[in-house]
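Here is the structure we will look at.
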Amino acid sequence: MDAVLIDWYSKNKRDLPWRQPDTTAWGVLVSEIMLQQTPVSRVEPIWLEWMARWPVPSKLAEVSQGEVVRAWGKLGYPRRALRLHSAAAVIAAEHGDVVPSDVDTLLALPGIGAYTARAVAAFAYGKRVPVVDTNVRRVVARAVHGAGDAGPASNTRDMADVEALLPAEDAPAATMSIALMELGALICTARAPRCVDCPLLTDCAWQKAGRPEYTGPLKPVQRFAGTDRQVRGLLLDVLRDTDGPVERARLDMVWADAPQRDRCLDSLLVDGLMEQTSAGLFALPGEH
Ligand code: SF4
């Protein structure tokens, strides 16, 4: 499987800015955090801006949390911006401003989880480590196990599954990791896999088994309209668009449902994405 997939990747990979040969490990780390639950098209312009403004971790660590949340723009899940800011401070202070290459050291950074640590080790440093995201789990479930889709995630089993597929050497293993992910993103998609274009077609266990339907538990469909996530985003937008603290009345205007609005405001304060001044005004963290 590995040679076919690596060859397919070399010919079909998307030309993404964080895949350019001069991208630093810091650039890869920022891209991996931004890409979690966010499409490439939305990440691209923000990533380019961040790299131009903050080419090394110490530059990001110098600015306020509020500035980082503002620059996160509309990428969503803005706690990720604070996590990156915290990780940047530790990388600058304890690792000579260079993102570590070792999985355990990466895992010890604030806010860096199992996926991100391994993605950085593989994609920035070319190491042989299993990198498992939803796309990879789906490709393995179909191509190797003959199932219609991946069942519930299990860190240990999923990583062992992927590790077994990787070539022995570091460099081809790292390419295989990214190729599996790219295949899941472009060809072996969740709803309509384009099997006729797939390099694994003749070996795919799902094809050989007659394309059985997936019968396991379904993932909940993520809606956005009317959710707390939407309301939190609207509240933060008010502060992103101003330079200083605002009155409560400005925030109250963005959402009519008062209990939901209050709940979201509280959660933003608890998450450290917003602060209240002694005069009762609201501001981005560190901006008052
Ligand atoms: S043949 Fe179809 S199901 Fe099998 S890995 Fe390729 S795209 Fe996925």
Of the residues GLY210, GLY244, only one is within 13 Å of the ligand (Cβ to nearest atom) and farther than 22 Å from ASN12 by Cβ; which?
GLY210
Are any residues in region 186-207 over 19 Å from TRP8 (Cα atoms) and either in contact with a strand residue (DSSP E or B) (Cβ under 8 Å, 6 or more places away or on another chain) or more than 9 Å from the ligand (Cβ to nearest atom) (or both), and if so, which ones?
ALA190, ARG191, ALA192
Determine which single condition LYS219 fails, assuming it passes every other condition in (1) away from the ligand (no atom under 16 Å from the Cβ); (2) surrounded by 13 or more Cβ atoms within 10 Å (Cβ to Cβ).
(2)
Take ALA168 and decide whether it is closer than 20 Å to VAL40 by Cβ, away from the ligand (no atom under 12 Å from the Cβ) and in contact (Cβ under 8 Å) with a residue 40 or more places away in the chain.
no
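Every number here is computed from the coordinates shown, using simple stated rules; none is lab data. What you see is a predicted model; the values in this text were computed from it and never measured. Heads up, the Cβs are rebuilt from the backbone with ideal geometry, glycines too, and the neighbour counts pull from every protein chain shown.
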